[in-house]
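Presented below is the structure to which this report refers.
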Amino acid sequence: MPSQNDLFEEKKKTFEKQERILRKTNPLKRLKRLPRMEGITQKTARFLRWKSLVYLLRHDQKRIFRRYFLRHPFLYAYRLLRSYRYPPNTEGDFFLCNTSSVAAFAQVLPEKEHLFVLGFSYCHKPFECPSGRFNSQCAFQKDHPVCGQCFIGKCRALAKHALFLLIPTVHYIGEKMMELVHQNPQKRVLFLITACEMSLRMFHDWGVMLNIEGLGVRLDGRICNTMRAFHLSERGIKPGLTVVLDETQRTMLSLLKKRIACETASAFSQDQKGALAPLDNSPDKALASSSHTQGNK
């Protein structure tokens, strides 16, 4: 009987074969060349943590951060202040949150009792995405000519039991992570998400505060590297494409392969308590399912 790793490699090869065909028959709009852009301009980088805190609080229309912060004010304040003392550690295109390296994160991925969030910034979607771009939706269909060339679709096809998120704003990912942590206080939350460097730096301190563990994947291409571009992007004004570089894609796929070792049919059977909703469900349904399961324990 083939192992989970063998099945993963077989699915990956099948997807890539279809992708090569679709690139010839139904090519998507792509960057003709990678622009040479610094991750964050020097002017924007000055006092970025202060700017980030002000932005997050000022635009927190649902009062998500303040509401959850007040549940553990002293613990969260201590973690935030500790995080502010040091810049985020990086390894290539990966921003490390509560983990020492990509290899160290890979070691904990196969443990099935942990919750695993796989997220992608909306600007990483193709222009031709059938779900549109500025939203949290992904209508993935394996035979769709767009989905069959999309790296997000590829990851979705290969990691079917991750908690999948499409991220339209930095508040959205913060809200979902806070909900997940507070709905599952006994579980360890792991994440692998793509975003521009500015968003990753803004989110990092909140990740440390929540004590979640994972990797932020730096996007390249037409990224937001000024506060003005970031503000426009948060309102859905993002005319450019972003990409994950090829070598970084390979590392992400190798991490998903590590995770697949715990994704057996029995681990996600309908009658098992604590099972996560599969990717066929929306992010909100998946989080609701996790909360409902906890409430029935």
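The values are calculated or read from the model by the stated rules, or taken from the named source; none is laboratory data. Note that the structure is a prediction, hence the values are computed from the model and not measured. For neighbour counting, all protein chains shown are included, and Cβ atoms are generated from backbone atoms with ideal geometry for every residue, glycine included. Remember, those area values only see protein heavy atoms, side chains included, never the ligands or the DNA or RNA. Shrake-Rupley method; radii C 1.70, N 1.55, O 1.52, S 1.80 Å.
Seen from CYS196, the other residues with C-beta closer than 12 Å to its C-beta sum to a net charge of -1, counting Lys and Arg as +1 and Asp and Glu as -1.
Please identify, among ILE21, ILE223, ILE40, the residue showing maximal mean-square fluctuation in a Gaussian network model of the chain using a 10 angstrom Cα cutoff. Judging by the Gaussian network model, the answer is ILE21. By the helix-only formula, in which each DSSP H run with n ≥ 4 contributes -39500 (n - 2.57) and the sum is divided by residues, the chain has a 222 nm mean residue ellipticity of -13500 deg cm²/dmol.
Annotation: region 45-111 has a Kirkwood hydrodynamic radius of 14.4 angstrom, from the mean reciprocal C-alpha pair distance. Computed over region 87-163, the alpha-carbon pair-distance distribution with 10 angstrom bins reads 16, 39, 31, 14, 0, each value a whole percent. Sorting the segments 166-178, 100-112 by their mean number of nearby beta carbons within 10 angstrom, highest to lowest, gives 166-178, 100-112. When Rg and Dmax are taken over the Cα atoms of region 1-143, they come to 20.6, 57 Å.
Among the DSSP helices (H) of the chain, none spans at least 27 angstrom by Cα along its long axis with an average Kyte-Doolittle hydropathy of -1.0 or more; this is a geometric and hydropathy rule only.
By DSSP, the beta bridges lying fully in the chain are antiparallel in about 35 percent of cases. Here r is the Cβ-Cβ distance between LEU75 and LEU245 and R0 is 45 Å; the resulting FRET efficiency, rounded to 0.05, is 0.75. For region 1-79, the set of trypsin sites (Lys or Arg not before Pro) satisfying both a DSSP loop assignment and a count of at most 11 other C-beta atoms within 10 Å is given as LYS29, LYS32, ARG33, ARG36, ARG46, LYS62, ARG63, ARG71. The mean accessible area for residues of the chain, using a 1.4 Å probe and ignoring ligands and nucleic acids, is 52 Å² per residue. Only aspartates and glutamates eight or more places from LYS43 in sequence, or on another chain, were considered; those with a Cα closer than 17 Å are GLU197.
The portion of the accessible surface of the chain made up by carbon and sulfur, rounded to a whole percent, is 52 (1.4 Å probe; DNA, RNA and ligands excluded). Gyration tensor analysis over the Cα atoms of the chain returns equivalent ellipsoid semi-axes of 28, 26, 17 Å (largest first, whole Å).
Calculated on the alpha-carbon coordinates, the convex hull of region 180-249 measures out at 103 cubic angstrom per residue. With a cut-off of 15 Å, note down the residues of region 1-23 whose backbone N falls inside the zone around a label point 7 Å from the Cα of GLU128 toward its beta carbon. Counting only backbone N, you get 18-23.
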